[in-house]
Amino acid sequence: MDKAPFHHQRLQNRSLFRSPLPKLVLWSILFIVILFLFFHFSPTSQSSSSSSRIDRRSLRTSAAWGGAAWEKRVRSSARIRSSHNHHGISVLVTGAAGFVGSHCSIALKRRGDGVLGLDNFNDYYEPSLKRARQAMLERAGIFIVDGDVNDAHLLRKLFDVVPFTHVLHLAAQAGVRYAMKNPSSYVHSNVAGLVSLFEAAKSATPQPAVVWASSSSVYGLNKKVPFSEVDRTDRPASLYAATKKAGEEIAHVYNHIYGLSITGLRFFTVYGPWGRPDMAYFFFTRDMLRGKSISVFEGPDHSTVARDFTYIDDIVSGCLGALDTTEKSTGTGGKKRGSAQLRVFNLGNTSPLPVSQLVGILERLLKVKADKKIIKMPRNGDVQYTHANISHAQAQLGYQPTTDLETGLKKFVKWYLQYYDPSSSLSKKGRSGGGGSSSFL
Ligand SMILES: NC(=O)c1ccc[n+]([C@@H]2O[C@H](COP(=O)([O-])OP(=O)(O)OC[C@H]3O[C@@H](n4cnc5c(N)ncnc54)[C@H](O)[C@@H]3O)[C@@H](O)[C@H]2O)c1
């Protein structure tokens, strides 16, 4: 009874396959399904879609990673080139296209350490500057993987490919005032990103030791100076500071539960060549050269706003000192096997100077009179005064800052003119003598 319809259907099906049009439709559907499955389950797309859920501002197209050629680049960049006087470590540097990260990466590579960079090249400030730093690192043999620290698949892959001995975690959403515009970017990079990094590190075999950047901003509204590591840090004045403070507490947890060796570094206003365009010394220089007015903050009753400006080379030596004095993490397979090192250090210059003095030095170096607008410091995250007590870092890391603000700014201005305006007469004068050389060139 049902033979006829079945037979009829088979005939129909056969003729369906014989006609070229439905065949094309079928193949198209199959192709679309494969495409969908590929994009849905590939790790890169998962990470980019999850990061877009968390933070639209730092959204960027996640570059593809993986494959034999990519792994070869990763391995080669992270390879230690030991010499007789240096054993060498293998370091994953996050935020390697950033200001501090690029300087540290070069310094490590120069002494023979293996360095692999990771950075998401977000557009918080001009990505072209990050790409220029990347090009410089590439010339030194350092590969920067284009990816987000929140990408757990990518981090796992990196630890699978390279048994890193250390992580220098500098990737973060920096800047104090920007937190009022884009608060979620701070939670994304400084809290979720730090947890993601610690998760990957605690599961890696071997577990690396982690050195990461906290900030002097954790001292918040403290009045007692100089700021010491034993002072209270529970009154942050900005969301940025709060996320760094949260990071220090999270570090305690990963040290306590998983035996990760962790060192937090509280940097104090770092400046220098290849610096960050959102920082005052940088945009004062830009605006003064363009003949634009600059806003200089003052405290209550015309009191001074001052910073413990710290030159980048001093910060780099502090970071390397921290890496060199870490003890090994004690966990394996995500389980703690004994107590591990947990440290925090101030890295500052110990000689705070008023911002007005910074402007005076720039006026001399740029040969420009600044059009200053003195305004009351708005209550949007900045603090009035920072001053580091560095005795702990001196004793434990051999940290000893050597560059005063005038010397450091001279090197910054020389770099700035060469980078942004190589044809200017000031820049040429800088090249024919005077000024210092930037630490990279
Ligand atoms: N420069 C200073 O004065 C100062 C002071 C205190 C603390 N710090 C801290 O030092 C570290 C380095 O600061 P910097 O001045 O070099 O800043 P930077 O912005 O130049 O460098 C940070 C880098 O991290 C990258 N990044 C941000 N979020 C990321 C993410 N989720 N995944 C991958 N990469 C990401 C950025 O693209 C950038 O290149 C930061 O942790 C910062 O908070 C800096």
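The values are calculated or read from the model by the stated rules, or taken from the named source; none is laboratory data. What you see is a predicted model, and the numbers here were worked out from it, not measured in a lab. When we count neighbours, we look across all protein chains shown, and the Cβ atoms used for this are built from the backbone with ideal geometry, even at glycine.
The residue pairs whose first member lies in the stretch 267-296 and is aromatic (F, W, Y), whose second member is more than 16 Å from the ligand (Cβ to nearest atom), and whose beta carbons are closer than 9 Å, counting only pairs six or more residues apart or on different chains, are Y281/L362; F283/I294; F284/I294; F284/V296; F284/V359; F284/L362; F284/A370. Scanning the stretch 65-115 for residues that are among the hydrophobic types (A, V, I, L, M, F, W, C) and either assigned to a strand (DSSP E or B) or in contact with a Lys or Arg (Cβ under 6 Å, 6 or more places away or on another chain) (or both) returns V91, L92, V93, A97, F99, V115.
Close contacts from the stretch 353-367, counting a first residue that is without any contact (Cβ under 8 Å) to a residue 60 or more places away in the chain and a second that is in a helix (DSSP H, G or I) and surrounded by 16 or more Cβ atoms within 10 Å (Cβ to Cβ), with Cβ to Cβ under 7 Å and a gap of 6+ residues or different chains, come to L353/L405; I361/L405; I361/L409; L365/L409; L365/K410; L365/V413; K367/L426. Answer yes or no as to whether L197 is within 21 Å of V167 (Cα to Cα) and touching a residue at least 24 places away in the same chain (Cβ under 8 Å). Judged against the criteria, L197 is a match.
L59: modelled with pLDDT under 70 and either among the acidic types (D, E) or surrounded by 13 or more Cβ atoms within 10 Å (Cβ to Cβ) (or both), yes or no?
Numbers: modelled with pLDDT under 70: yes; either among the acidic types (D, E) or surrounded by 13 or more Cβ atoms within 10 Å (Cβ to Cβ) (or both): yes.
So L59 fits the description; yes.
Per the listing V74, V93, the residue uniquely within 13 Å of the ligand (Cβ to nearest atom), under 30 Å from D324 (Cβ atoms) and modelled with pLDDT of 95 or more is V93. Helices (runs of 4 or more DSSP H) fully within the stretch 159-273 that include at least 1 residues being touching a strand residue (DSSP E or B) at 6+ places or on another chain (Cβ under 9 Å), within 13 Å of the ligand (Cβ to nearest atom) and farther than 30 Å from K414 by Cα: 193-203, 239-258. If you go through the stretch 116-148 and keep only what is closer than 20 Å to C319 by Cα and part of a loop (DSSP other than H, G, I, E, B), you end up with A140, I142.
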